[in-house]
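Participant: My questions all concern the structure below.
The values are calculated or read from the model by the stated rules, or taken from the named source; none is laboratory data. Worth saying up front: this structure is predicted, and the values here are computed from it rather than measured. Here the Cβ positions follow ideal geometry from the backbone for every residue, glycine too, while neighbour counts run over all protein chains shown.
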Amino acid sequence: MASDRAIGVISVQSYERNVFNPDHVRILQIFGASRGAALENARLFKERQTLVDETKERNAELGFVNSLQEALSKGLEAQQIYEVIGEKMHEIFDAHVLDIGLFNAQDRLVHFPYTIERCVRFPDVPMPLVVFRKHVMEAGEYLLIVDDM
């Protein structure tokens, strides 16, 4: 038992009749209660730790957003804004490749005001809307790929 609910079963069996007495039952109840309390404490600790970790993540996200807002409040040009956003994202994600792509409906191309690969910056080389970028633009939803491509 833990917090007035059953969380598991302890089974003690014998093929002999009447081998267990009330003392055995009390020992099992005490053992079960102590294990239940220990498991409940462990669960509560893990839950608390998860909340602490989530709070740290939210604080880091807020710090990121605040730093971006600070940069944007300086009245930067559009390209400077892409630079600030790209550098902050590159710093946080430490990805091998990071680009910011903007779809231009007139020329039907994706333009890249910010691209970095393995710490090397690349100029804007517009490209047609294909594969993953095309899916995101057409579906209007996020796409997360976690498997090996």
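Participant: Give me the pairs, please: first residue somewhere in the range 36-63 and part of a helix (DSSP H, G or I), second residue anywhere and among the polar types (S, T, N, Q), beta-carbon distance under 6 Å, and either six or more positions apart or on two chains.
Facilitator: Between residues of the range 36-63 that are part of a helix (DSSP H, G or I) and residues that are among the polar types (S, T, N, Q), the close pairs are 40/3.
Participant: Tell me the residue from 47, 61, 40, 16 that is within 24 Å of residue 87 (Cα to Cα) and charged (D, E, K, R), please. Steps first, please.
Facilitator: Numbers: 47 fails: within 24 Å of residue 87 (Cα to Cα); 40 fails: within 24 Å of residue 87 (Cα to Cα); 16 fails: within 24 Å of residue 87 (Cα to Cα).
Among 47, 61, 40, 16, only 61 is within 24 Å of residue 87 (Cα to Cα) and charged (D, E, K, R).
Participant: To continue, here is another question. For residue 99, work out the one condition from (1) modelled with pLDDT of 90 or more; (2) of a type in the set (D, E, K, R); (3) assigned to a helix (DSSP H, G or I) it doesn't fulfil.
Facilitator: The number of the failed condition is (3).
Participant: Looking at the range 44-78, which of its residues are modelled with pLDDT of 90 or more and acidic (Asp, Glu)?
Facilitator: 47, 53, 54
Participant: Same structure again: For a quick check of your reading of the model, give me the residue pairs whose first member lies in the range 86-108 and is in the same structural domain as residue 136 (by TED's automatic domain parsing), whose second is modelled with pLDDT of 85 or more and acidic (Asp, Glu), with beta-carbon atoms closer than 6 Å and at least 6 apart or on different chains.
Facilitator: Note: pairs meeting the criteria are 97/117.
Participant: May I pose another question? Could you tell me which numbered condition residue 115 fails, if it satisfies all but one of (1) free of Cβ contacts under 8 Å to residues at least 12 places away in the same chain; (2) touching an Asp or Glu at 6+ places or on another chain (Cβ under 9 Å)?
Facilitator: (1)
Participant: For residue 66, all conditions in the list (1) on the phi > 0 side of the Ramachandran plot; (2) assigned to a helix (DSSP H, G or I) hold save one; what is the number of the exception?
Facilitator: Against the list (1) on the phi > 0 side of the Ramachandran plot; (2) assigned to a helix (DSSP H, G or I), residue 66 comes up short only on (1).
Participant: Quickly run through the range 71-100 and pick out the residues that are more than 21 Å from residue 61 (Cβ to Cβ) and under 20 Å from the mean Cα position of the chain (by Cα).
Facilitator: 96, 97
Participant: Within the range 80-123, which residues are of a type in the set (Val, Ile, Thr) and out of contact with any Phe, Trp or Tyr (no Cβ under 9 Å at 6 or more places or on another chain)?
Facilitator: Result: 81, 84, 97, 120.
Participant: Could you tell me whether the range 65-84 includes any residue that is outside the structural domain of residue 114 (by TED's automatic domain parsing), over 25 Å from residue 117 (Cβ atoms) and touching a Gly at 6+ places or on another chain (Cβ under 6 Å)?
Facilitator: Looking for residues that are outside the structural domain of residue 114 (by TED's automatic domain parsing), over 25 Å from residue 117 (Cβ atoms) and touching a Gly at 6+ places or on another chain (Cβ under 6 Å), one finds none in the range 65-84, hence no.
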